[in-house]
């Protein structure tokens, strides 16, 4: 039997679950523990099929809209991405017991938008149309209050009512560099534009992108473990390619790996989006270990120790 060819894997740290994702999943698990199934969840709690299927097996029922939920005393949970104001209003109108798993860093963007509107500022939201987080943020205010800008070209074309009275906010899971380019255009055109009080792109998105920027130039190819509908995971693929990696592939599971991409690779990079569990990273490493002799090196660029509080209704269950 011939020896397996060597392969160096540069494992990105930080990677995988962020504090907001961890909190959202715990909310569903603790609600199931405290109240028993079913627990209803509006939209995927986080964008990862493995996580969603695991929670379904425990008794979580996923729906896209509240009108798919029967009249019930069971808990209804809003996903980590945040929801338009109309959603909790409808839940309250139907006397639903709801728990909000919106990431606190997304809630911060919602609050910023409301403060800007209160002060009469026109609001620019940098983000991706159709993403649940963008829908949720735009849904905090009446239609027309927030203008979505997706690209540098959009930024060049944007015409505010009063150029001297605008502010910008951003989706939390964007490419740091792409967003900086858009902000630069807006800032040049509208020098008085008000920025976020503190950066809107979340610490986890920024940290994972920075780690990929360090690894990508050293790697022949890169794997990002994450879901196709996960914005932060898609951005990691883009960042890897821009940072000099010839090939970068997004995979949900080890079974998705296109082995032809990695056939001649001597060194690969491996990371995971903020909604991908570590077990899926282990699965990818094991799949490579079946084919190659692995030399695993962790490349650490930041330490993360952020923890977010759980909703009061679940804190006792968490303490048990």
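General remarks:
- Stokes-Einstein diffusion coefficient of the range 105-189, Kirkwood radius over Cα pairs, 37 °C, 0.692 mPa s, in µm²/s: 255 µm²/s
- Stokes-Einstein D for the range 1-50, Kirkwood Rh over Cα pairs, 25 °C, 0.890 mPa s (µm²/s): 171 µm²/s
- For the chain, share of DSSP beta bridges that run antiparallel, in % to the nearest 5: 0 percent
- Gyration tensor (alpha-carbon) shape descriptor, the chain, a/c threshold 1.5: oblate
- Relative pair counts by distance (%), Cα atoms of the range 187-320, 10 Å bins: 11, 35, 28, 16, 9, 1
- Coarse-grained scattering of the range 19-103 at q = 0.19, 0.22, 0.26 Å⁻¹, given as base-10 log I(q)/I(0) from a Debye sum over alpha-carbon atoms: -0.75, -1.02, -1.44
- Per-residue [θ]222 nm for the chain (sum of -39500 (n - 2.57) over DSSP H runs n ≥ 4, rounded to 500): -12000 deg cm²/dmol
- Mean Cβ count within 10 Å, highest first, over the residues of peptides 216-222, 153-159: 216-222, 153-159
Readers should treat all values here as calculations from the given coordinates under stated rules, not as data from a laboratory. Since this is a predicted model, take the numbers as computed values, not measurements. Heads up, the Cβs are rebuilt from the backbone with ideal geometry, glycines too, and the neighbour counts pull from every protein chain shown.
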